[in-house]
Amino acid sequence: MQWEVVIGLETHTQLSTVSKIFSGSSTQFGAEPNTQASPVDLALPGVLPVLNRGAVEKAIQFGLAVDAVIAPLSVFARKNYFYPDLPKGYQISQFEIPVVQGGKVSFVMEKDGKSEVRSVQLTRAHLEEDAGKSLHEDYQGMTGIDLNRAGTPLLEIVTEPDMRSAVEAVAYAKALHSLVMWLGISDGNMQEGSFRCDANVSVRPVGQKEYGTRREIKNLNSFRFLEDAINYEVQNQIETIEDGGVVRQETRLYDPDKKETRSMRSKEDSQDYRYFPDPDLPPLAISREWVERVRATMPELPAAMRERFVREYALSEYDAAVLTQSKAMAAYFEAIVSKAGKEQAKPAANWLMGDISSTLNRESVDISASPVSATQFALLLQRITDGTISNKIAKEVFAAMWEAKASQDTLADEIIDSKGLRQISDSGALEKIVDDVMAANAKSVEEFRAGKEAAINALIGQAMKASKGKANPAQLTALLKQKLTA
């Protein structure tokens, strides 16, 4: 039987406010346990929550960025459950009327060897407070409770069950991660819990309309864990069904050491949480004027930038989509073009998507921390254009610039001169190389003159080897053709 995978993601994004969503306590990471928990966070008798305006504005920014509806009136509710790190015995969240409704996130992914732009529809994004943290280490069989996170502002972003593979889910999650950082509404630090995903996974026979029973995998805080957990869960569910078993709705945890999911508890439905409007918080009213004020403060969005890159720099839609996956990457690209000129836009894009990205990935360095600045790289591009070096030699120069952790705009020239890498463009020197190669490769010369045009490639290769890669390829090829047809 052929199976279809159905995946939806719920992403808890910590909003980058200085204080918590309903109190003035700090959200700074790394403080001593229970030093950033106010009476409001601890749910002491008589205290009242006060909504953080900054958290609301960040939610509005997100809604505008994904082309969602910003609810003019939304409601906070109490989500009731009992857990040691939940001081109130309930979590303040939003249920029936969230602040952000609908929207979509677009991204580039590879499929069958081709790149395509995909979109995942969002169901909602709602504001809520985080719970505390249970600590299970070093307590001699007991569990410690740290309430510093209690009340930290979250935007929970929920998708429709649109994704059909772990690869697609990761591509979406990466695009969402990039977007919230682009907007500046979250620092996106997955190690610190600022961006974590819950994956809802089910399988069904291909062609069946009804969804299978879903399982939720909680608190996945890396893209690799997300992919591995989904792949394991899919295989587990398929094997369970094919062996005659039944997939039961439940919440599961992923064990990265064993690379498997395990049962945590039976999965609750919404009615199990006994939601009701929080009597201490009035409905959240968001006027059209407020929305427009927030819109006016927002940066250029990725979709608008993609369209501008196609229009202004004559890039393909794919190139533009890749370059705008990261705000830092887009800024680096535009900084190169501003120095080297718009005619260098396509070469700059090729380098960014090729050698530069591969070097960044290999060294685990973000482009914002690249040791080769955009200004320095623009100079390197200019040296290719003016014939000082070839593309092949430019790769060697770039590698040397990276290793030297370039600090001067003239470093490309310094490396070219110190290593003797300037391209040979002198016609006399090139002619001697060509004559020597033709004399030493008479068979290839005869084959070309007999009509085998591909034979010139061997001669070009020998000439480039003789020049140690420094011959100007265009001049060399033209001179070879001239002599071969003489």
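Pick out, in residue order, every one of the GluC sites (Glu not before Pro) in region 223-322 that is DSSP loop and has at most 12 other C-beta atoms within 10 Å; say none if there are none. Of the GluC sites (Glu not before Pro), the ones in loops of region 223-322 whose Cβ has at most 12 other Cβ atoms within 10 Å are E300. Sorted ascending by nearby beta carbons within 10 Å, beginning with the fewest, S444, S357 become S357, S444.
Taking the charge dipole of the chain about its Cα centre, with +1 at Lys and Arg Cβ atoms and -1 at Asp and Glu Cβ atoms, the residue from M464, T297, A442 reaching farthest to the positive side is A442. The residues V294, V337, when put in order of fewest to most other Cβ atoms within 10 Å, stand as V294, V337.
Selection among S115, I92, P72 by position relative to the dipole of region 57-152 gives P72 as farthest towards the positive end (Cβ unit charges, Cα centre). Partner aspartates and glutamates whose Cα lies under 17 Å from the Cα of K392, excluding those fewer than 8 positions away in the same chain, are identified as D355, D413, D417.
Highest-first packing order for the peptide set 81-93, 183-195 is 183-195, 81-93, based on the mean count of other beta carbon atoms within 10 Å.
The fraction of Cα-Cα pairs per 5 angstrom bin, counted from 0 for region 294-426, comes to 2, 10, 21, 22, 19, 13, 8, 4, 2, 1, 0, 0, 0 percent, rounded to whole percents.
Charge dipole of the chain (Cα centre as origin; +1 on each Lys and Arg Cβ, -1 on each Asp and Glu Cβ, all else neutral): 1040 debye, rounded to the nearest 20.
Under unit Cβ charges (Lys, Arg +1; Asp, Glu -1), what dipole magnitude, rounded to 20 debye, does region 300-419 have relative to its Cα centre? Show your work: numbers first, answer last.
Values: 13 positive and 17 negative charges, 33 e Å.
The calculated dipole for region 300-419 is roughly 160 debye.
Excluding same-chain neighbours fewer than eight residues apart, the lysines reachable from K452 by a Cα-Cα span under 23 Å are K443, K465, K481, K483.
Across region 300-419, C-alpha contacts under 8 Å between residues 6 or more apart give a mean separation that, scaled by the residue count, equals a relative contact order of 21 percent. The relative contact order of the chain comes to 14 percent, based on Cα pairs under 8 Å that sit 6 or more residues apart. Considering helices alone, the calculated mean residue ellipticity of the chain at 222 nm is -12000 deg cm²/dmol, with DSSP H runs of length four and up weighted by -39500 (n - 2.57) and normalised per residue.
Report the one residue of Q191, P277, A175 whose Cα lies farthest in the direction of the positive end of the charge dipole of region 3-289 (charges on C-beta: Lys and Arg +1, Asp and Glu -1; origin at the Cα centre). About the Cα centre, the residue reaching furthest to the positive side is P277. For a test of understanding, tell me how many lysine pairs in region 3-289 have Cα atoms under 18 Å apart, given they are 8 or more places apart or on different chains. Taking the Cα cut-off of 18 Å, the pair count is 16. Taking the Cα centre of region 3-289 as reference, the dipole from Cβ charges on Lys and Arg (+1) and Asp and Glu (-1) amounts to some 400 debye.
Where a number appears in this text, it was derived from the coordinates with a stated rule and is not lab data. Values in this document were obtained by computation on a predicted structure and should not be read as measured data. Positions of Cβ are generated from backbone atoms using ideal geometry, with glycine treated the same way; all protein chains shown enter the neighbour counts.
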